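The values are calculated or read from the model by the stated rules, or taken from the named source; none is laboratory data. These numbers come from a predicted model, not from an experiment. Here the Cβ is made from the backbone with ideal geometry for all residues, glycine too, and neighbour counts use every protein chain on show. Please note that ligands, DNA and RNA were not included when accessible areas were found on the heavy atoms of the full protein model with its side chains. Shrake-Rupley method; radii C 1.70, N 1.55, O 1.52, S 1.80 Å.
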Amino acid sequence: MDGSVQSLDIVAKEQERLAGICRIIDRAAADRNASLAQHDARTRELEQERLASVSWREKNDLAEKLLEHGHHDPRKYLKDFCDSAGSPYFAIIGIDDTDKRIGSKEYLIGKQSLLDGNRVAVVDWRKAEISRLYYDYEEGEDYLETIQGREREGVLVRKDKVGITSQQLHRLETSSASYELVDGAWQCNGTPFQTSADTKSRAGDHRLVDIVALIDPDQFRMITRETDGCTYITGGAGCGKTTVALHRLSFLHFNQPKLFRPDRCLVLMFNRVLRDYVKKTSEELLGKTRVDTFSAWSLSALGQLGVYSLTTTFEDPHGARKKNSVITELLDRYAKETRKIDPVMDLWRFFSSGYVLDALFADDRQRQAFAADIQQKLVDKVRVVSFADVSILLRLCQLRRPADAVVPGALNHYDHVIVDEAQDLGALELAAVLAATSARRSLTVCADEKQKILSFVDGTGFVNFRRQLQLSGLDKETLAISYRSAREILELAARVSGRPVDTSKSHSGVVKFYPEKDRSSALRKVRLIVEQLVGREPNSLTAVICRQKADVKTIHHALAGVGGLHGEGEVCFEPGVLVVNAHIVKGVEFTNVILWNPSETDYRQTEIDRNLLYVALTRASKRLYVVHWRPLAKGLAA
């Protein structure tokens, strides 16, 4: 058979299969809607009968019928097939089982189960006993697994990836060939299955992508581990720490719904950029689970603890001192030695304690000035606190409650909490998060000490927190392979960080250096690069990353008129061009990065500056351009 005819035959079979699945989805939706309509009509009928009744006995009888009827609401057991992207499945696996009653069989793996009557048409990826065949085995390998309580063995004879958008098949990757729909025609042996940047460009949405089709065996093992206690996930930039944590929580929701209730779980992100980055994916994965920053959560937790009429400010000349890990022990001591008063006044009284003043200030003049300011706040009953104060106030309010007290959203409440970028949280923030979890103290902590970029946060707090978790049976997991960035970008980042990197699964990309004679010529070069990128890939997202905030304004002005230029300093996830500061891009990724003048004076030989440069480099997925006119930071120069 001719190769092109054979490829068309394979594609035609999969198009026919997809059409059948789409019909099942439509039929299931129609049946569900009919059941809901019938149930709702009966509810209205009972309510009208109850309203029309003049007998209290009859009213009570009808009320009981309404209550019983509500227990059988189809919404509780007929789950809607939520397929917002029109992609009902992403993989096909075929097995040849030694049990002749099973024999040859194929499964479709998707983000949600789909039933056709009593038959499973699509298997949810979180049903690990089946999906493990896809994630853990390669085509042609023998498998031995326990499925539905029975030992099963055989050979995996098929493992294909499929790309479906809006219920249209546009990609099929088999072990021998790739088929792609290009301009309405199918092409055989196209490019390898896309990187996350390619997937985002296709969708025109550069937020965190759904990785279920891309999970590797190590990630799948972490996601599906049986433990429900603390898990610590570490690894280099782009290895998937955050995505593994989110999918792990989704797995827990699916498999242990009574222990991990979505509305009693919490995901804490490093900043608003990261929060927004994951929100779309988290809605599909995690349902009602709250995704927020530590600052936003802590303020709402204070409200739950009875702290009202609070005003916050970013201004605090002593903010770095208040991040000292010693504050945690001092707060414990203070809570034991004093009685509860108004929470904010309690905070000021804590700061006025002699042992606190001695711990924070070695200089007598500074100590006296701070003490006088705090005393005046007590006298004036000031309720304006800095964000550095918020975590101290939250932890103090938690300590004022009985150890076994449960306060929704604030204390002994959450079934599970994900803490992302934990290396940049202080001791008090971490203690407050731990106290907010239920008695099982179930957390997933994602951290990479090579990406710690906040110099004012005392790093010993995270070290002590990790040690505390280890004493309670912490499971440590390390992700070694980076998937985000191209091989050339990772190798450059490894030179900067001194951290070895595994590029075995990395795609190829571009790293180019453009030494210019001065700022003006560098600005012209940046504009030229940006115009070429936008013209070549209009659906991509390019970021110009600066070390100094002042440079953001200058470069944004120089790019005026370029198509797709987003607002100055704005981080969004639509195609186009961003000009941003290095401190706000941790955790996100861009198709292309232009690193603006990473000089040895801007990125000095300190741990924090090396980490910040490492973070900036590893935001790039496919292309990295370094435009400079000053001597480059160590590690960048060849």
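Give me the lysines in straight-line cross-link reach of residue 65: C-alpha distance below 19 Å, same-chain residues under 8 apart excluded.
Counting by Cα, and skipping residues close in sequence, residue 65 has these lysines nearby: 76.
Per 10 Å bin, what percent of the C-alpha pairs of the range 6-68 does each bin hold, from zero upward?
19, 24, 16, 14, 12, 9, 5, 1
Averaged over all directions, how much area does the convex hull of the C-alpha atoms of the range 280-321 cover when projected, in nm²?
4.8 nm²
So if I place +1 on the C-beta of Lys and Arg and -1 on the C-beta of Asp and Glu, and nothing else carries charge, what would the dipole magnitude of the range 397-517 be about its Cα centre? I want it in debye, nearest 20.
140 debye
Two-decimal Rg/Rh of the range 62-115 from alpha-carbon positions, Kirkwood Rh?
Ratio of gyration radius to Kirkwood radius: 1.28.
Rounded to two decimals, what is the ratio between the C-alpha radius of gyration of the range 473-516 and 2.2 N^0.38 Å?
Expressed relative to 2.2 N^0.38 Å, the Cα Rg reads 1.47.
Projected onto the charge dipole of the chain (+1 at Lys/Arg Cβ, -1 at Asp/Glu Cβ, origin at the Cα centre), which of 608, 474, 179 gives the Cα projection farthest towards the positive end?
Farthest towards the positive pole: 608.
Looking at the chain, what % of its DSSP beta bridges pair antiparallel, to the nearest 5?
40 percent
Hey, which of these cross-link pairs are over 26 Å Cα-Cα: 525/634; 476/549; 377/586?
In this structure, 476/549; 377/586 exceed 26 Å between Cα atoms.
Whenever you get a sec, line up 221, 441, 248 from highest to lowest accessible area (probe 1.4 Å, protein heavy atoms).
Largest accessible area first, the residues go 221, 441, 248.
Below 9 angstrom from the Cβ of residue 156, what's the summed charge of the other residues (Lys, Arg +1; Asp, Glu -1)?
-3
What does the convex hull of the alpha-carbon atoms of the range 476-546 project to on average, in nm²?
Orientation-averaged projected area of the Cα hull: 6.8 nm².
Given a 1.4 Å probe and every protein chain left where it sits, what share in percent of the accessible area of the chain is carbon and sulfur?
Looking at the chain in its full context, I get 50 percent from C and S.
Can you tell me the order of 534-542, 74-82 when each peptide is scored by its average per-residue count of other Cβ atoms within 10 angstrom, highest first?
Descending packing order for the listed peptides: 534-542, 74-82.
Enumerate the calculated ³J(HN,Hα) couplings along the range 138-145 in order (Karplus 6.51 cos²θ - 1.76 cosθ + 1.60, θ = phi - 60°), each rounded to whole Hz, writing x wherever the residue is Gly or Pro.
After applying 6.51 cos²θ - 1.76 cosθ + 1.60, I find 9, 4, x, 7, 6, 10, 9, 9 Hz.
At a Förster radius of 45 Å, what calculated FRET efficiency corresponds to the Cβ-Cβ distance of residue 71 and residue 383, to the nearest 0.05?
Once the sixth-power term is evaluated, E becomes 0.40.
What is the distance in Å between the Cα centroid of the range 401-457 and that of the range 279-323?
For the range 401-457 versus the range 279-323, the Cα centre distance is 12 Å.
Based on alpha-carbon atoms only, what is the radius of gyration of the range 15-163 relative to the globular estimate 2.2 N^0.38 Å?
Cα-based Rg divided by the globular estimate yields 1.50.
Please work out how much accessible surface residue 345 shows to a 1.4 Å probe, ignoring ligands, DNA and RNA, in Å² rounded to 10.
20 Å²
Using alpha carbons only, what's the Rg to Rh ratio of the range 307-397 with Rh from Kirkwood?
Dividing the radius of gyration by the Kirkwood radius yields 0.92.
Projecting each Cα onto the charge dipole of the range 373-488 (Lys/Arg +1, Asp/Glu -1 at the beta carbon, about the Cα centre), which of 379, 428, 457 comes out farthest on the positive side?
Farthest towards the positive end: 379.
Only Lys, Arg, Asp and Glu count, each charged at its Cβ (+1, +1, -1, -1), so figure out the dipole size of the chain about its Cα centre, rounded to 20 debye.
That gives the chain a dipole magnitude of about 1500 debye.
Where a ≥ b ≥ c are the square roots of the eigenvalues of the C-alpha gyration tensor, would you call the range 379-434 rounded, which needs a/c under 1.5, or, failing that, prolate if a/b is larger than b/c, or oblate?
oblate
With every protein chain left in place, what is the accessible area of residue 556 in Å² (1.4 Å probe, nearest 10)?
Using a 1.4 Å probe on the heavy atoms, I get roughly 40 Å².
On average, how much area does the Cα convex hull of the range 210-282 cover when viewed from any direction, in nm²?
Reported value for the Cα convex hull: 5.4 nm².
For the range 506-638, what are Rg and Dmax over the alpha carbons, in angstrom?
Cα-based Rg and Dmax for the range 506-638 come out at 13.5, 39 Å.
What number do you get for the chain when its Cα radius of gyration is normalised by 2.2 N^0.38 Å, N = residues?
The value comes to 1.10.
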